[in-house]
Amino acid sequence: MIDIAKMKKEYDKIINELSNPELISDWEKFEELSKKKSYLEKVIDKEEELQSVKNKIEENKAILSAREDAELISLAEEEIKTLSDKKNGLEKDLESLLKINESQNPKSVIIEIRAGTGGDEASLFTASLFRMYSRYALNQGWKQKTLDSHPTKLGGYKEIIFELSGKDVWSKIQYEGGVHRVQRIPATEKNGRIHTSTVSVAVLPKPEKTQITIKPDDIKVDFYRASGPGGQHVNKRETAVRITHLPSNIVVTSQNERNQLQNKENGMKILQARILEKKEMEETDKISSKRKTQIKWAKRAEKIRTYNFPQDRITDHRIKKSWHHLEKIMDGELDQIVSALTKSKI
């Protein structure tokens with residue numbers, strides 16, 4: 001049940017803030033308030049339209065109860081049927097609006113980084129991106145927790161999955177999902193040739209408890225020995241976990257912690273995020289192609305950025321913008337890129 005009175009009060013407060021002439025100097029706050037105003041308008045309008053339809057249904061039911069005029073009764077019955085269909089549609093629209101707001105403003109995100117083409121160099125760049133996001137998270141005051149990782153013997157990662165939590169984490173990190181391409185001379189390259197490698201990044205909103213419910217009967221849990229580079233066992237006990245979600249056939253693993261319970265908790269976090277992503281992708285398939293192009297997870301396999309080390313340049317292909325001082329950016333100084341992506345509304 002939505003508190004429409006509370007929403008209207010919040011809307012009036014935002015209108016008052018937007019009327020402040022001094023706000024124009026704070027563009028980010030102005031943009032944030034404008035987006036919130038637009039969202040609240042949609043919810044309030046939809047709720048008022050729904051309430052109007054409900055009132056009309058009750059009026060027609062009163063005609064049926066009176067049983068005075070056969071013709072009026074027939075018209076009332078037809079209108080109730082039409083209005084009921086409209087009411088169901090409005091309720092679904094309103095539910096979708098509330099879900100969109102909930103999923104687009106999560107308090108935590110789960111980031112998955114995987115090495116693509118390029119062998120060892122791709123694995124090393126996976127580690128470089130993980131370090132970049134870790135440094136940026138530290139600068140933002142966010143909390144970070146590694147949920148699963150598969151390190152290589154050269155110090156890279158085949159895959160690493162971690163959670164970031166904190167203020168504005170989704171709004172600032174949401175556009176990092178996609179294929180990241182690196183062009184540089186690997187340390188192991190004897191002839192000075194530039195190698196091109198790719199790494200994929202997925203940014204998933206961490207679901208709230210009410211968003212995704214997983215029944216115990218829907219999962220299969222297996223434990224095994226965690227292993228590190230070269231197949232050497234991290235420990236001798238079966239602490240690593242593999243969780244299979246039977247209805248969707250989604251499989252996740254976690255082996256970073258030293259006990260089964262912690263690894264299972266981490267694995268469940270990853271599983272919930274992937275189930276939510278799958279659900280949202282299925283909903284995306286049902287909507288118009290124009291809207292699809294605006295939704296991030298529909299672009300998961302798209303090349304979004306190139307890191308050119310010989311030319312000291314990073315280019316984001318979506319907004320056709322480049323920056324120099326690549327080493328500083330790789331050290332976590334992502335503010336200028338995040339700001340440009342946020343303003344572009346890609």
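Taken together, the values in this text are just the output of simple stated rules run on the coordinates, not laboratory data. Source: prediction; values computed, not measured. Positions of Cβ are backbone-derived with ideal geometry, glycine not excepted, and every protein chain shown enters the neighbour counts.
A few notes on this one:
- Taking 196, 306, 239 and counting other C-beta atoms within 10 Å, the order from fewest to most: 196, 306, 239
- Per-pair calculated FRET efficiency, R0 = 22 Å: residue 107 and residue 138 via Cβ, rounded to 0.05: 0.75
- Computed log₁₀ I(q)/I(0) - Debye formula, equal Cα scatterers, no solvent, the stretch 4-104, q 0.10, 0.21 Å⁻¹: -0.45, -1.02
- Legend: calculated FRET efficiency, residue 12 to residue 225, from the Cβ-Cβ distance at R0 = 45 Å, rounded to 0.05, equals 0.15.
- Order by protection proxy (mean Cβ within 10 Å, highest first), peptides 107-116, 80-89: 107-116, 80-89
- Of 145/215; 35/92; 86/215; 6/145; 37/81; 81/278, those spanning more than 27 Å from alpha-carbon to alpha-carbon: 86/215; 6/145; 37/81; 81/278
- For residue 147, the residues whose modelled amide H falls within less than 5 Å of its own, excluding neighbours fewer than 5 places apart on the same chain, are 161, 162, 163.
- Proxy reagent accessibility, fewest Cβ within 10 Å first, across 180, 245, 324: 324, 245, 180
- Karplus (6.51, -1.76, 1.60) ³J(HN,Hα), θ = phi - 60°, over the stretch 328-335, in Hz, Gly and Pro reported as x: 5, 5, 5, 8, x, 8, 9, 3
- Per-residue ellipticity at 222 nm computed for the chain from its helices equals -15500 deg cm²/dmol, with DSSP H segments shorter than 4 residues left out and the rest contributing -39,500 (n - 2.57).
- Dividing the convex hull volume of the alpha carbon atoms of the chain by its residue count gives 180 Å³ per residue.
- Among 280, 91, 79, the largest mean-square fluctuation in a Gaussian network model of the chain, built with springs joining Cα atoms closer than 10 Å, belongs to 79.
- Local electrostatic count at residue 152 - Lys and Arg +1, Asp and Glu -1, tallied over other residues with Cβ under 13 Å: 0
- Computed Kirkwood radius, in angstrom, where 1/r is averaged over Cα pairs of the stretch 164-226: 16.5
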